[in-house]
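Working notes for the structure below.
The values are calculated or read from the model by the stated rules, or taken from the named source; none is laboratory data. As the structure is a prediction and not an experimental result, all values here were calculated from the model. Cβ: placed from backbone, ideal geometry, glycine included. Neighbour counts: every protein chain shown. Note: accessible area is taken over every heavy atom of the protein model, side chains too, but ligands, DNA and RNA are not part of it. Shrake-Rupley method; radii C 1.70, N 1.55, O 1.52, S 1.80 Å.
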Amino acid sequence: MRVEWDVPVEMDDGIVLRADVFRPVTDEPVPVIMTYGPYAKGLPFQRGYPSAWEAMARDHPDAVAGTSNKYQNWEVVDPEKWVRHGYRLRTGRLARHRPLAGPGGPLLTA
């Protein structure tokens, strides 16, 4: 899996947001899953929200099977699970949350 951190994404109004990109090791085009949210981009779910993580792992063991969960964040898909099936993921956060390259905007959409 190729990982690119804080890739600049320019919005129509010129504001630059940042997204993390996870993709298969190929130069061929692949489908993209785009996610965003306000919660701790770059913070593994199990470290940031340990009690929620423990409940999920206990109640839904399939969610944690077959992955290190190293890149899993709260309320977004697990890149390790989707990339191995040929998807590219772009993850970001709501634009008014930091860090940003610009003063903020509505949502990260790319």
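Below is a table of values for the structure above.
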| quantity | calculated |
| --- | --- |
| Amide H contacts of ALA19 (H built 1.01 Å from N, under 5 Å, at least 5 apart or other chain) | ASP6, VAL7, VAL9 |
| Virtual spin-label span in nm between VAL25 and ALA63, 7 Å along Cα→Cβ | 3.0 |
| Residue-normalised accessible area of region 3-43, expressed per residue, 1.4 Å probe, Å² | 61 |
| Fraction of alpha-carbon pairs over 15 Å apart in region 53-92 - percent | 40 |
| Where labels lie 7 Å past Cα in the beta-carbon direction, separation of ARG84 and GLU54 in nm | 2.7 |
| Region 1-41, accessible surface, carbon-and-sulfur percent (1.4 angstrom probe) | 50 |
